[in-house]
Each structure stands twice: as C-alpha cells, then as structure tokens.
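Data first, discussion second: the structure below is written as structure tokens.
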Amino acid sequence: MTVDDLPAVPDPDDKDWTWVLDRPCPECGFTTSAVDRHRIADRLLAATPRWRTALSAADAATRPAPTIWSIVEYGCHTRDVHTTFGRRGRLIQEQQDPVFANWNQDETALEKRYWEADPADVAREIEREAVSAAGVFSGLSDAQWARVGRRSNGSVFTMETLGLYYLHDIEHHLHDVER
C-alpha cells in the first residue's frame, strides 16, 4: 500500500470515550442511565436495519469531506465494533478479569481499506456480527452482568458497562451517518 492509494486520513480519535458511562453524549444524546441492561441486545439488533438503510444510499461510498468517513467506512467500523465487543464480552464470561487486546481502529480502517468496501456486503456483515455479539449480551444473570474485564489502558468494565459503552458506539455512528 502506498500513500497514493490512501484517501485523506481523518485525525485519529484518541479520546477516552468511557465518560459516556457517566454523562450523556452531547453529540448523539445517548444516555447510559436511560438504558436497561436487559435491552442492550435488542437495541444493538434494532440498529441493524437502520445501517442497511444508510448503506443503501446512492452516495454511501462518498465522503462528505476529505477527512470525514463515508457511510461505508462508518459501516465497516461498526461491523468491526460488533466483532470486537462480541469478543470482549465472551472473554469476560470465559475468563477471570481478562485484559482486552488493544484495538487501533484507525489502523484497522487502513489495513482493511474500508473505503473500498461494497455497501451491500457491509450491511450483511453488520447484521451477522450484530446478531453474534448481541447474543453475548442477552440472557445474563446478575452475576454475569457483574463480571469484569479491562482494556489495555487499565479502564475496567463490567459486562453491563461494556455493553452500554458498545451500544453508545453503534448508536453514535448511526447519528453520524443519518444526519
């Protein structure tokens, strides 16, 4: 891959978004305290048709500005968020206090060449990964919701806070593309 093959690279998102667990997101309006943990899986799945609609737009592969992802690129990221958080949720349930592997979403976007993806393929992949990951966040006992894992930076999540953090990411990016 050469620099000439790449679209303009957006500024890296290096914010620690864990603050959304404590206060509403001013950009998308997501409020974790308004979400019952038993509805996380349902809301993840409810987002899937909205992604399918967004990805069916004629301009889904067009960036609104050189350093802002297209709907397709956001869709690829969303697919990978589902995969990553499904994996992390499984780790919490299978291991005692696991440490999650670091995930650099900006590197992933370049490595997987998000901008070249087919929107219809991405819609199907989002649905597949959403169903798989949502299953990890359904039917849990109180003890399972309380199990913990941590990011490589030390942020500690219970299964519940991981699910809420994950749900915010999915719904926030829908806000980004449905404007």
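Observations, loosely collected:
- The range 141-164 residues that are hydroxyl-bearing (S, T, Y), paired with ones that are surrounded by 14 or more Cβ atoms within 10 Å (Cβ to Cβ) (beta carbon under 6 Å, 6 or more apart): S155/T18; T158/V148; T161/L21
- Of all residues in the range 77-110, those being over 25 Å from P10 (Cβ atoms), hydrophobic (A, V, I, L, M, F, W, C) and part of a helix (DSSP H, G or I) number 2.
- Residues within the range 121-163 that are more than 25 Å from A57 (Cβ to Cβ), part of a helix (DSSP H, G or I) and open to solvent by less than 10 Å² (accessible area, probe 1.4 Å), tallied: 4
- The range 61-86 - residue that is of a type in the set (D, E, K, R) and more than 10 Å from the chain's Cα centre (by Cα) and, of those, nearest to L110 (Cα to Cα): E73
- Flag if G149 is over 17 Å from V35 (Cβ atoms) and of a type outside the set (K, R): yes
- Entry remark, the range 21-46: residues being assigned to a helix (DSSP H, G or I) and within 19 Å of T161 (Cβ to Cβ) number 12 in total.
The values are calculated or read from the model by the stated rules, or taken from the named source; none is laboratory data. Everything numeric in this text was worked out from a predicted model, so none of it was measured. So basically every Cβ, Gly included, is an ideal-geometry build from the backbone, and we count neighbours across all protein chains shown. The protein model used for the area step is the full one, side chains on, heavy atoms only, and it has no ligands, DNA or RNA in it. Shrake-Rupley method; radii C 1.70, N 1.55, O 1.52, S 1.80 Å.
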